Amino acid sequence: MKAINLVLFGPPGSGKGTQAELLRDKLGFVHYSTGEVFRDHITRKTPVGLEVEEYVTTGKLVPDDVVLEVVNAFVADHAGKPVVYDGFPRTLPQAEGLDRVLEAHHAAVDTAVLVDLEDDEVVKRLTSRRQCRRCKKIFNLSFSPPRVAGICDACGGELYQRDDDKEATIRDRLRVYHDQTEPLIEYYEDRFKLERVPGGIGRDKVFEELKRILAGFQE
Ligand code: AMP
């Protein structure tokens, strides 16, 4: 796989995290999830973790300067590799910041894929989402339940509901998404980089769409 920089964005719960995992496992992308990075900092109680904890647990956006600092370090370490950005950028200043740091490494965002989903479907999906504490694998009680309730199929770890997956928090996150992240649609449209995939067509079909989009970059 060429060193493609793929941005995956969309409302919370649209399935972009699952697609990013597929891109990693099947196509060798580096999966970069700022949400996962922040949760890891919080668990390890690092200075970044202490700074972002309140935002992450209440579903508010971490300030752009903090986000861009961790992303800049990541890009510096991964230049020249295919990367899928999952949950980043989430604001216009972050999109501009990503363009700047990639340019400094003689790269650019190649394509930005909006995985879209209606608000009510988001709420339905996220309130039934569970994550493994140990290996971070995501399950959904409605359409991909674990074989044994409360236990991770992959590693036997304990499944839990993230604080930011409770309904009131989800409604807040959706408001934040509409206000702060949706302007990215126009940002990438203006740069001829936007692709849209409906998140409701199912995991495998969404992945087929992503492969079709990526095929355009292989020649
Ligand atoms: P996620 O796992 O992508 O849903 O992210 C979980 C939480 O981490 C979000 O609700 C935010 O509090 C924070 N977060 C993750 N990525 C970003 C970002 N790019 N900008 C601001 N906050 C973020």
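The values are calculated or read from the model by the stated rules, or taken from the named source; none is laboratory data. Keep in mind the model is a prediction, meaning the values are calculated, not measured. Note that we place each Cβ from the backbone using ideal geometry, even for glycine, and neighbour counts take in every protein chain shown. Side chains included, ligands, DNA and RNA excluded: accessible areas come from the protein's heavy atoms. Shrake-Rupley method; radii C 1.70, N 1.55, O 1.52, S 1.80 Å.
With a cut-off of at most 14 other beta carbons within 10 Å, and DSSP calling the residue loop, which GluC sites (Glu not before Pro) in the stretch 91-186 qualify? Please list them.
Those satisfying the criteria are Glu118.
Taking the stretch 88-192, which chymotrypsin sites (Phe, Trp or Tyr not before Pro) meet the DSSP loop condition and have no more than 15 other C-beta atoms within 10 Å? Let's see the in-between values first.
Values: sites: Phe139, Phe143, Tyr160, Tyr177, Tyr187, Tyr188, Phe192; in loops: Phe143, Phe192.
Qualifying residues, ordered by number: Phe143, Phe192.
What is the stretch 173-214 by shape, rounded, prolate or oblate, if you read a ≥ b ≥ c off the alpha carbon gyration tensor as root eigenvalues and call it rounded for a/c under 1.5, prolate for a/b larger than b/c, and oblate otherwise?
Since a/c reaches 1.5 but b/c is at least a/b, the shape of the stretch 173-214 is classed as oblate.
Let's see if you can work this out: charge +1 on each Lys and Arg Cβ, -1 on each Asp and Glu Cβ, no other charges. What is the dipole magnitude of the chain about its Cα centre, in debye to the nearest 20?
Using Cβ point charges on Lys, Arg, Asp and Glu, the chain gives about 980 debye.
Over 23 Å between Cα atoms: which of Lys166/Lys193; Lys16/Lys60; Lys2/Lys136; Lys45/Lys136; Lys45/Lys137 fall into that group?
Lys166/Lys193; Lys2/Lys136
Semi-axes, largest first, in whole Å: what does sqrt of 5 times each Cα gyration tensor eigenvalue give for the stretch 147-188?
33, 14, 6
With both bridge residues required to lie in the chain, what share of the DSSP beta bridges run antiparallel, to the nearest 5%?
Taking every DSSP beta bridge within the chain, about 30 percent pair in antiparallel fashion.
Nearest 500 deg cm²/dmol is fine: what mean residue ellipticity at 222 nm does the chain get from its DSSP H runs of n ≥ 4 alone, each adding -39,500 (n - 2.57), divided by its residue count?
For the chain, the value works out to -14000 deg cm²/dmol.
Karplus couplings for the stretch 101-109 from phi (6.51 cos²θ - 1.76 cosθ + 1.60, θ = phi - 60°), rounded to Hz, Gly and Pro as x?
Whole-Hz 3J(HN,Hα) from phi for the stretch 101-109: 6, 5, 4, 4, 9, 6, 9, 7, 5.
Name the shape class, rounded, prolate or oblate, that the alpha-carbon gyration tensor gives for the stretch 1-89, where a ≥ b ≥ c are the square roots of its eigenvalues, rounded holds for a/c under 1.5, and otherwise prolate holds if a/b is larger than b/c and oblate otherwise.
On the way: a/c = 2.08, a/b = 1.50, b/c = 1.39.
In terms of gyration-tensor shape, prolate.
How large is the accessible surface of Ile42 in square angstrom, using a 1.4 angstrom probe and rounding to the nearest 10?
The value for Ile42 is about 30 Å².
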